[in-house]
1. Going by what's in this entry, would GLY242 be described as surrounded by fewer than 18 Cβ atoms within 10 Å (Cβ to Cβ) and not charged (D, E, K, R)?
2. Tally up the residues in the range 341-363 that are assigned to a strand (DSSP E or B) and β-branched (Val, Ile, Thr), please.
3. Inside the range 33-47, can you point out the residues that are open to solvent by 70 Å² or more (accessible area, probe 1.4 Å) and either in contact (Cβ under 8 Å) with a residue 24 or more places away in the chain or part of a helix (DSSP H, G or I) (or both)?
4. Give the residue, chosen from THR269, THR288, that is under 19 Å from ASN358 (Cα atoms), surrounded by fewer than 23 Cβ atoms within 10 Å (Cβ to Cβ) and modelled with pLDDT of 95 or more.
5. Please list, ordered by first then second residue, the pairs with beta carbon atoms under 6 Å, 6 or more apart or interchain, first in the range 354-382 and β-branched (Val, Ile, Thr), second in a helix (DSSP H, G or I) and open to solvent by less than 70 Å² (accessible area, probe 1.4 Å).
6. In the set GLN86, GLN132, which member is touching a helix residue (DSSP H, G or I) at 6+ places or on another chain (Cβ under 6 Å), open to solvent by 50 Å² or more (accessible area, probe 1.4 Å) and more than 25 Å from SER7 (Cβ to Cβ)?
7. Look at LEU56 and say whether it is out of contact with any Ser or Thr (no Cβ under 7 Å at 6 or more places or on another chain), among the aliphatic types (A, V, I, L, M), open to solvent by 10 Å² or more (accessible area, probe 1.4 Å) and under 30 Å from ILE352 (Cβ atoms).
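The values are calculated or read from the model by the stated rules, or taken from the named source; none is laboratory data. A quick note: this is a predicted structure, and the numbers were derived from the prediction, not measured. Every residue, glycine among them, receives a Cβ derived from its backbone with ideal geometry; neighbour counts consider all protein chains shown. Each accessible area value is taken on the protein alone, full model and side chains, heavy atoms only, with ligands, DNA and RNA left out. Shrake-Rupley method; radii C 1.70, N 1.55, O 1.52, S 1.80 Å.
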Amino acid sequence: MIYFDNSATTPVWPEVLATFDQVTKQIWGNPSSLHKLGEPAWNLLEQSRRQIAQLLGVLPSEIIFTSGGSEGDNWVIKGTALAKRQFGKHIITSSVEHAAVRNAMAQLEELGFEVTYLPVDQTGRVKPADVQAALRSDTILVSIMAVNNEIGTIQPIKEIDEILQAYPRVHFMVDAVQALGKGLDDVVFSDRVDFATFSAHKFHALRGTGFVYAKQGRQLAPLINGGGQERGQRSGTENVAGFAAMARAIRLVKEKEAQSVKQEQAVRTAIFKHLQQFDYVHLFSDLTPQFASHVLCFAIEGVRGETVVHAFEDHDIYISTTSACSSKKQAEASTLAAMKVPTRLAESAVRISLGDQNTLADAVAFNQAFDQVYAGFQKIID
């Protein structure tokens with residue numbers, strides 16, 4: 001089996017699962033409890049927080065544990081709206097954000113907030129000048145993703161960071177779900193970034209865990225109220241075992257990061273150069289530094305994306321349409337639509353997303369399978 005759908009989810013590493021299992025069996029007390037079963041749970045929770053903060057170069061108090069990327073996106077967006085609505089109701093985002101951001105914005109629009117959706121160029125990138133032009137006196141939030149989940153575009157976060165230096169009251173959020181372990185910490189944690197959201201199952205930890213980086217001094221209204229856990233920012237009994245496992249996963253990811261990025265780039269390059277040879281193949285990702293190392297999006301003209309996915313599945317190779325969150329709904333790729341890619345091509349788009357376990361041998365096998373898949377579709381596309 002060759003698994004090329006790592007942007008949808010990653011396999012849990014055995015070491016990470018071992019941590020979860022050990023903590024679940026041995027440290028199962030509620031970290032809010034005052035008795036001797038609660039104390040080790042609290043200590044491990046805070047140890048996990050400190051470890052993550054150290055690995056990412058931030059303060060422990062700036063790490064807030066969540067259930068994943070969708071919760072984090074919703075919390076920062078809606079929490080900003082609630083906390084800053086007296087200062088304004090204008091928000092800026094891009095037209096290529098993940099559904100968790102898009103749908104949170106749509107809900108706020110129903111409540112009277114105004115959202116500016118910035119266009120993107122032919123590579124899926126926002127123009128920093130458009131961010132500058134959209135800023136107003138009543139702008140309270142700018143939300144731009146770090147890495148596009150459909151085609152891998154790296155957004156110009158540093159350039160936007162420089163613009164927002166002159167707007168200290170505007171919150172700046174980065175959806176970084178596709179960025180951890182991809183050599184992009186200097187982008188995600190730029191000086192002016194106030195919030196970044198992460199999901200653990202994208203880096204070999206367990207589903208249902210994640211965290212938000214929330215810069216010290218920046219205020220959000222809580223999305224989940226209750227017993228006041230996470231310093232009152234995210235109530236609910238903490239998943240200590242899940243967060244300890246997540247901390248271990250991040251440590252392992254950071255140890256392997258440089259080599260993993262290099263390896264992903266090599267695999268992506270081998271596949272990209274092979275696909276370039278075919279007349280009816282359209283490549284939406286590129287090999288330039290403006291694209292992340294692990295995502296490659298392409299289409300076979302005239303063949304629907306889900307058909308291509310199943311064709312590769314017959315070869316025991318697993319790819320996806322452009323987003324796992326919308327693939328079963330047969331929705332048109334929102335990023336490609338924003339790039340003004342014709343609908344017939346957008347409906348044919350598929351995504352390869354690599355992980356550190358993928359090798360050049362996988363690329364060779366994929367290319368060989370592609371030749372057979374392409375030949376099988378020849379009557380359709382000619």
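1. no
2. 2
3. Across the range 33-47, the qualifying residues are GLU39, TRP42, ASN43, GLN47.
4. Result of the check over THR269, THR288: THR269.
5. VAL373/ALA311
6. Numbers: GLN86 fails: touching a helix residue (DSSP H, G or I) at 6+ places or on another chain (Cβ under 6 Å).
The unique qualifying residue is GLN132.
7. Working: out of contact with any Ser or Thr (no Cβ under 7 Å at 6 or more places or on another chain): yes; among the aliphatic types (A, V, I, L, M): yes; open to solvent by 10 Å² or more (accessible area, probe 1.4 Å): yes; under 30 Å from ILE352 (Cβ atoms): yes.
The answer is yes for LEU56.
For (1) among the charged types (D, E, K, R); (2) touching a Cys at 6+ places or on another chain (Cβ under 8 Å); (3) over 23 Å from LEU360 (Cβ atoms), each residue gets a yes or a no:
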residue: MET246; (1), (2), (3): no, no, yes
residue: LYS254; (1), (2), (3): yes, no, yes
residue: GLN265; (1), (2), (3): no, no, no
residue: THR269; (1), (2), (3): no, no, no
residue: GLN276; (1), (2), (3): no, no, no
residue: TYR280; (1), (2), (3): no, no, yes
residue: PRO289; (1), (2), (3): no, no, no
